[in-house]
Amino acid sequence: MARIRKIKRVPDDGKNYYVVDACFLANRFIPEDRAPDAHGKKRIRLCNEWWDEIDKQLSEGTARVYIPDICVAEAYKTLAKKYYSEGWFKSSQDYNYWRSKMKEAISTSVEELKKAHRKILYHDLESTRDVMISVDRFYELFFKNKKNVSLPDLIVVASAKYLVDFYDIPKTQLHIITMDRALRDGSKRIQQVPNAYDPTVEADAREKVFE
């Protein structure tokens, strides 16, 4: 049976849960005009269209975002690379501003954590023993399907499976958002993996996925 590759803006039960990779996260904090060419600008714009949708759901209480800890580190690395190596950010002030914006968005203050009715929109996920065991298993599955997926992206997949197995999140409401085409395409062939979307692929454009 073919998978349904649609996401309901208002789920029938509970929330939409998004597991995001480092590039998708970092692109939220790189202004489109910093990219040096049309291709880079388009990729950032398409990512932000998805982020606008996710942020709207977060504000309405119908979504939650999970970020594996390694992806948080990789996202900081991506911003640093754009400044120090590739020159996308033209000044230290510009770079530090957007780096701080990312930190502010994904961090939760102690004051908020102490509240009785705390609202935490972004959750980091540790690379636990169960996640690392799954990485090895998923490497074999992706390899058999001739998809070469990086270690950080395998951790994204393993973390998503962890949420299904240990947090009882319905697979139909859990969505992997990635900029890795091999992960996106390979997940379609592995039944136990939730749907993975790449916002830069035409078939995964916001207006085609969300309903």
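Taken together, the values in this text are just the output of simple stated rules run on the coordinates, not laboratory data. Since the model is a prediction, treat every value here as computed from it, not as a measurement. Every residue, glycine among them, receives a Cβ derived from its backbone with ideal geometry; neighbour counts consider all protein chains shown.
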Can you tell me which residue is farthest from residue 76 (Cα to Cα) among those in segment 128-178 that are hydroxyl-bearing (Ser, Thr, Tyr) and touching a strand residue (DSSP E or B) at 6+ places or on another chain (Cβ under 7 Å)?
159
Here's a check for you: in segment 93-126, which residue that is surrounded by 11 or more Cβ atoms within 10 Å (Cβ to Cβ) and small (Gly, Ala, Ser) is nearest to residue 159 (Cα to Cα)?
107
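Matching residues to (1) over 20 Å from residue 70 (Cα atoms); (2) touching a Leu at 6+ places or on another chain (Cβ under 7 Å):
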site: 144; (1), (2): yes, no
site: 148; (1), (2): no, no
site: 154; (1), (2): no, no
site: 159; (1), (2): no, yes
site: 162; (1), (2): no, no
site: 172; (1), (2): yes, no
site: 178; (1), (2): no, no
site: 181; (1), (2): no, no
Could you check residue 93 against (1) farther than 20 Å from residue 41 by Cα; (2) in contact with a helix residue (DSSP H, G or I) (Cβ under 6 Å, 6 or more places away or on another chain); (3) of a type outside the set (Val, Ile, Thr) and say which number it fails?
(2)
Condition first: assigned to a helix (DSSP H, G or I) and either touching a Phe, Trp or Tyr at 6+ places or on another chain (Cβ under 6 Å) or of a type in the set (Gly, Ala, Ser) (or both). Now tell me which residues in segment 87-107 satisfy that.
92, 95, 98, 100, 101, 102, 105, 106
Taking segment 1-53 as the search range and keeping residues that are assigned to a loop (DSSP other than H, G, I, E, B) and in contact with a strand residue (DSSP E or B) (Cβ under 6 Å, 6 or more places away or on another chain), which one is surrounded by the most Cβ atoms within 10 Å (Cβ to Cβ)?
15
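Let's see how each residue does on (1) charged (D, E, K, R); (2) closer than 17 Å to residue 5 by Cβ:
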| position | (1), (2) |
| --- | --- |
| 145 | no, no |
| 149 | no, no |
| 152 | no, no |
| 170 | no, yes |
| 177 | no, yes |
| 187 | no, yes |
| 192 | no, yes |
| 197 | no, yes |
| 211 | yes, yes |
Got a sec? Which helices (runs of 4 or more DSSP H) wholly within segment 131-211 have at least 2 residues that are surrounded by fewer than 19 Cβ atoms within 10 Å (Cβ to Cβ), of a type in the set (Ser, Thr, Tyr) and under 15 Å from the mean Cα position of the chain (by Cα)?
none
Against the definition (within 19 Å of residue 30 (Cα to Cα), surrounded by 14 or more Cβ atoms within 10 Å (Cβ to Cβ), in contact with a helix residue (DSSP H, G or I) (Cβ under 8 Å, 6 or more places away or on another chain) and without any contact (Cβ under 8 Å) to a residue 60 or more places away in the chain), how does residue 83 come out, yes or no?
yes
